[in-house]
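Trainee: One structure, as structure tokens, below. Some questions next.
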Amino acid sequence: MILNTELEYKGNLFPTKIIKYEKNLNVLSFTTENGVILEVTVRRDSILRFRFTTTGIFDNDFSYAITKYASRGYNHLEVTEDDDHYTITTSKLICNISKLDLRTSIYDAKDKSLICEDELGFHWEESYEFGGDVVKMSKTAQPGESYYGLGDKPVDNNLKGKRFENWVTDSYAYGRDTDPIYKTIPFYTALHNKKSYGIFFDNTFRSYFDFCHERRNISSFWAHGGEMNYYFIYGPDMSDVVMNYTDLTGKPHAMPALWALGYHQCKWSYYPESNVKEITAKFRELQIPCDAIYLDIDYMEGFRCFTWSKQYFPDPKRMVKELADDGFKTIVIIDPGIKIDMDYSVFKEGLEKDYFCKRADGPYMKGKVWPGECYFPDFTNPEVREWWADLFKELVEDIGVRGVWNDMNEPAVMDVPGKTFPNDVRHDYDGNQCSHRKAHNVYGMQMARATYQGLKKFSYPNRPFVITRAAYSGTQRYTSSWTGDNVATWDHLNIANLQAQRMCMSGFSFIGSDIGGFAEQPNGELYARWIQLGIFHPFCRTHSSGDHGDQEPWAFGTTITDVVRKFIELRYQLLPYLYTAFWKYAEEGIPILKSLVLYDQYDAQTHYRNDEFVFGEQILACPITGPNLKGRRMYIPIGKWFNFWTDEVVSGGQEIWVDADLDSMPIFVKEGAIIPKYPIQQYVGEKTVEELTLDVYYKEGNEISEVYEDATDGYDYIKGRYSLRNFKFQGKEKEIIIQQHKSGKYITTYKTFRLHFHGLPFKIKEIEIDNVIIPFEELRFKGGTSLKLTKEFTELHIIGE
Ligand code: MIG
């Protein structure tokens, strides 16, 4: 809260009555007697933007979060007026704006039910110290309302009763409820009476959200500067809210290369070269699949970005090539701090070109990080971003590095209060010069963006791969991310689960945790359980601080190694399934992981669930989150599900006990699903995929499954060279019909499918492929019930006896 006595003196200020209304196409503005203007922009039938100024003049309308590719347009817009309010009507929403004080209430246009209503609505306090306002909004909580989202907050899914701060912060060994941590995603979804809406508060200043914490029936949000500027996004399906938010702030600009969805191995630090080679060789020797190996800060010369330690890595180009020949992509860390050193070309150039951040009165922003005293590029300057992007030429184009890891980009500064830049540091903010108060939350995002631009340019024709620690809404367009410096404890396994789900429902699906924990050391059991969870996270990497014992899959004895291998192998088998989920995310903004509330908001049981989640659209997973467990109770969402290991069918809508010894975990597959699988490979591309396995889970009824594939890297898919298979499954008592619709011009390497049936209630008698009857024996694999058949069919009938 604001403790400044001067502020308290004047206190909250409120808009007064409307004296002027103007309509300019889809932009409606309402001016009050005391000079407040509310501008409502109808972006879509279900998306309204609300923006307020208290000075009669709006800021330049600029946002790092909103993508220029966001959809626009609506079917219907009508504004009417009566005695006490204006009414904006679209095909989805009715929004009333009070003539007395600008307070709004929003209703569902179909059934006229109340969705969201201002309490005090917009109000503000003048900020004497910094100028401008502390801008505030409060809304009345509806009966039974719950709240979800907000990025990486390490708390239970349902945010009700809690208050949060958004200020991107380096948070070594954070814990449950630590707030704020690395990311600022000021977007939440609310749910009441089975209907969901979302609010995206696009304000980069330090901001706060209160979900019925301060007052039991009130939700509110406010920021220490800037405009009250928020988007109201209506569902009523939560998945539509999340998709629309993701459309607004952007989907990934490109698909990741398939290898990026493989398993990654990291530690602080693998060096020298011989150590790196030992690790990679061990993966191949033990036949544990792995696609990427990371070099942390010790690969550099005195922590100078874009240099290599001559002692530890005398010939990086050769090493990177040798690793690549063995299937390993090399990923290196790059931090924002540039060492003050006149003999260091990056520093000299940055200085000469005036690219480093400065304090208010002119001196450089000097801060201590790993290299010692550093200056920091102003990534909010487009010219600096271009320069930064070009610095990757040698690393990527010449040496062959395939991915870059951006760390410390909160920005983190050592040994100072606040652990970051002071507030007075100046930023370009793409031509909207401002202080660090406004730029802080986007600094890391803009660094990752510049890095992405470099990778995109110099990796071509391959796709770029970037991973960032800090983020603001919209960062998902450029990069993947991890959840920062967690700890090797069981509670952190839980936190990782929550954070990955939360990031996914906050539009940022390419996320994972440091598997096993960054700080301290897991025992084998914790590591194995964490791998089991990690293989279901879109980004899958083991990382540790390296100042305790080893944390490779083989570091805990052969029993654990075998469990870890088994699950990483499963990840590789499921790659086409995950790739398809990623494609749906990149294409439509559908989150890759779905918390149960997002999966089925109509079942009230899901509103408080935390552990179970749906991976893609048809696999339900739930980690084991404590020691010595041989299983657990978990909630199965409504519907019928196959136990992945036993094929036993369970009915959802209830909590059940599920066995899961250390070499297992609860995994279920939705009935009717067709799950695509690749053969186990030690790295993506090790094998040519000669056959696509399709695991078909019987259902009496219909279900649709899809498989997206392309060349696994490169940009041909954008030109239509992809392969999308849509399978329509219809199950009857004694028959299965599978219709395949194929689109895209990519020709997959395999020619055949291997169909494997689960839960088939009948014995197969004959098979009809595109109206031609073929005896079962001709297609069947020796002794089994699986079929080998051409990938070209359009309609398949499996007829039982
Ligand atoms: O101050 O580069 O979160 O993943 O290994 C610590 C060393 C800096 C923090 C990152 C961590 C990384 C470590 N870094």
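The values are calculated or read from the model by the stated rules, or taken from the named source; none is laboratory data. The shown structure was predicted, so the numbers you read here are calculated from the model rather than taken from an experiment. Cβ coordinates were reconstructed from backbone atoms using ideal geometry, including for glycine residues, and neighbour counts include every protein chain displayed. Areas reflect the complete protein model, heavy atoms only, side chains present, ligands, DNA and RNA absent. Shrake-Rupley method; radii C 1.70, N 1.55, O 1.52, S 1.80 Å.
Trainee: Of the accessible area of segment 595-670, with the probe set at 1.4 angstrom, what percent is carbon plus sulfur?
Mentor: Summing carbon and sulfur atoms, their accessible area is 49 percent of the total for segment 595-670.
Trainee: Count neighbours as other Cβ atoms within 10 Å of each site's Cβ, and list the GluC sites (Glu not before Pro) in segment 135-225 that are DSSP loop with at most 16 such neighbours.
Mentor: Those satisfying the criteria are 214.
Trainee: Among the listed pairs 251/566; 282/317; 317/457, which have their C-alpha atoms separated by more than 25 angstrom in this model?
Mentor: 251/566
Trainee: Over what distance in Å are the Cα centres of segment 180-201 and segment 614-631 separated?
Mentor: 25
Trainee: What GluC sites (Glu not before Pro) in segment 275-383 are in a loop by DSSP, with at most 13 other Cβ atoms within 10 Å of the Cβ?
Mentor: Counting only loop positions with at most 13 other Cβ atoms within 10 Å, none of the GluC sites (Glu not before Pro) in segment 275-383 qualifies.
Trainee: Read phi for every residue in segment 185-192 and hand back ³J(HN,Hα) as whole Hz from Karplus 6.51 cos²θ - 1.76 cosθ + 1.60, θ = phi - 60°, with x for Gly and Pro.
Mentor: Using θ = phi - 60°, the values come out as 10, x, 10, 10, 10, 10, 9, 8 Hz.
Trainee: In terms of Cα to Cα distance under 18 Å, which lysines are near enough to residue 110, apart from those fewer than 8 places away along the same chain?
Mentor: Output for residue 110: 92, 194, 195.
Trainee: Name the residues of segment 536-556 whose amide N is less than 11 Å from a point 7 angstrom out from the Cα of residue 173 along the C-beta direction?
Mentor: The answer is none.
Trainee: Filter 329/353; 699/728; 699/765; 732/765 down to the pairs with a C-alpha to C-alpha distance above 22 Å, please.
Mentor: Beyond 22 Å between Cα atoms: 329/353.
Trainee: Trypsin sites (Lys or Arg not before Pro), restricted to segment 589-636: which are DSSP loop and have at most 12 other Cβ atoms within 10 Å?
Mentor: Filter output for segment 589-636: 630.
Trainee: Any of 277/310; 339/393; 321/456; 112/640 with alpha carbons more than 23 Å apart? Name them for me.
Mentor: As for pairs spanning more than 23 Å Cα to Cα, those are 112/640.
Trainee: Which far-off residues, 5 or more places away or on another chain, put their amide H under 5 Å from the one on residue 133, with H placed in the peptide plane?
Mentor: Placed amide hydrogens put 127, 226 under 5 Å from residue 133.
Trainee: Mind checking which aspartates and glutamates have their Cα closer than 19 Å to the Cα of residue 782? Skip sequence neighbours fewer than 8 apart in that chain.
Mentor: By straight Cα distance, residue 782 reaches 690, 691, 695, 766.
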